[in-house]
Amino acid sequence: MLHIINKSPFERDNLDSCLRHAGPGSTILFIEDGVYAAMNGTTMADKINEAMGDLTFRVLGEDLEARGIVDKVMDGVERIDYAGFVDLVTESDKVQSWM
């Protein structure tokens with residue numbers, strides 16, 4: 001299953017809710033302001049690192065660039081482009097957007 005986070009985890013609890021519900025083998029994709037969750041050295045970094053054994057994390061590169069945080073992405077979070085985003089959606093049996 002693909003889970004899409006588009007809001008900052010520092011303003012909403014959508015990432016926390018997602019992490020509680022995402023099953024092993026799921027992918028979490030950070031887009032728009034959700035890309036702030038992929039930054040090193042934040043309170044979210046520990047939660048993401050802990051979940052990396054069961055979940056895959058990806059981040060939309062264009063949104064990182066728009067926010068000037070390309071060089072702050074934590075290890076283990078794969079950067080993808082729009083074509084990769086489309087591939088994730090079409091390859092996933094279910095997609096859940098966390099608003």
Q: Quick one: dipole size for the chain, taken about the Cα centre, charges +1 on Lys/Arg Cβ and -1 on Asp/Glu Cβ, in debye to the nearest 20.
A: 220
Q | C-alpha center-to-center spacing [the range 73-93, the range 54-72] in angstrom | A | 10
(Q) Multiplying the sequence separation of Thr43 and Asp75 by 0.36 nm and subtracting their Cα-Cα distance, what value in nm do you get? (A) 10.0 nm
Q) If each of Asp54 and Met99 carries a label point 7 Å out from its Cα toward its Cβ, how far apart are those two points in nm? A) 2.7
Q | Placed amide H near His3: partners under 5 Å, 5+ positions off or other chain | A | Thr27, Ile28, Leu29, Gln96
Q: Quote the relative contact order of the range 2-98 in percent (integer), defining contacts as alpha-carbon pairs under 8 Å separated by 6+ residues.
A: 35
Q | Label assignment, Rg and Dmax of the Cα atoms in Å derived from the structure, set [x] 12.6, 37; [y] 12.0, 33; [z] 13.4, 44 | A | [y]
Q: For a quick protection proxy, order the peptides 85-95, 16-26, 49-59 by their average other-Cβ count within 10 Å, most packed first.
A: 49-59, 16-26, 85-95
**Q.** Sum of -39500 (n - 2.57) over DSSP H runs of 4+, divided by residues of the chain (222 nm, nearest 500)
**A.** -9500 deg cm²/dmol
Q) Want the number for Val86 to Glu32: 0.36 nm per residue separation, take away the alpha-carbon distance, what's left? A) 17.9 nm
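All of the numbers you see were taken from the coordinates with simple rules; none came from a lab. Note that this is a predicted model, so its numbers are computed, not measured. Every residue, glycine as well, gets a Cβ built from its backbone with ideal geometry; the counts of neighbours run over all protein chains shown.
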